[in-house]
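First up is the structure itself, then whatever we jot down about it.
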Amino acid sequence: MTSSCCGPRPGANDAPDIDADDLARMCKALGHPARVRLLRHLADYGDCYFGKLTDVLPLAASTISQHVTILKEAGLIEGAADDKRVCYCVNKERLAQLKQAIGLL
């Protein structure tokens, strides 16, 4: 009788509530160094960030806006605007889902 060296992992059935397409979308969003830096900056900041993201990266505002859009579409960050400013926050629940899903690979 042969046995496999790859038995079930503990917690392997505790898959997060995201499917393969969703996981791929989040991974793709982190596929550019600028987006990783933006997400890391917002996560390190902790609270909602009200500053200019052009102060975080040496990129044009339009380029940063495109990167922010991709991170928002992946659900990794949230943003809200009022009359005078824009607020950006990390979606901590979504980031936790990503970490859990990556850990199960």
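Structure values in brief
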| read-out | value |
| --- | --- |
| Residues being open to solvent by 60 Å² or more (accessible area, probe 1.4 Å), within 18 Å of Gly46 (Cα to Cα) and outside any strand (DSSP E or B) - total across the stretch 71-84 | 1 |
| The stretch 51-61, residues that are over 18 Å from Ala29 (Cβ atoms) and open to solvent by less than 100 Å² (accessible area, probe 1.4 Å) | Gly51, Thr54, Ala60, Ala61 |
| Residues (in a helix (DSSP H, G or I) and within 10 Å of the chain's Cα centre (by Cα)) located in the stretch 24-70 | Arg25, Met26, Cys27, Lys28, Ala29, Arg35, Val36, Leu38, Leu39, Arg40, Ala43, Ile70 |
| Complete set of residues in the stretch 94-104 that are within 10 Å of the chain's Cα centre (by Cα) and surrounded by fewer than 16 Cβ atoms within 10 Å (Cβ to Cβ) | Ala96, Lys99 |
| Number of positions in the stretch 76-95 that are touching a residue at least 12 places away in the same chain (Cβ under 8 Å) and over 21 Å from Thr54 (Cα atoms) | 2 |
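The values are calculated or read from the model by the stated rules, or taken from the named source; none is laboratory data. The shown structure was predicted, so the numbers you read here are calculated from the model rather than taken from an experiment. Because the Cβ atoms are built from the backbone with ideal geometry, glycine has one as well, and the counts that use them run over all protein chains shown. Surface accessibility is based on the protein's heavy atoms, side chains included, excluding ligands, DNA and RNA. Shrake-Rupley method; radii C 1.70, N 1.55, O 1.52, S 1.80 Å.
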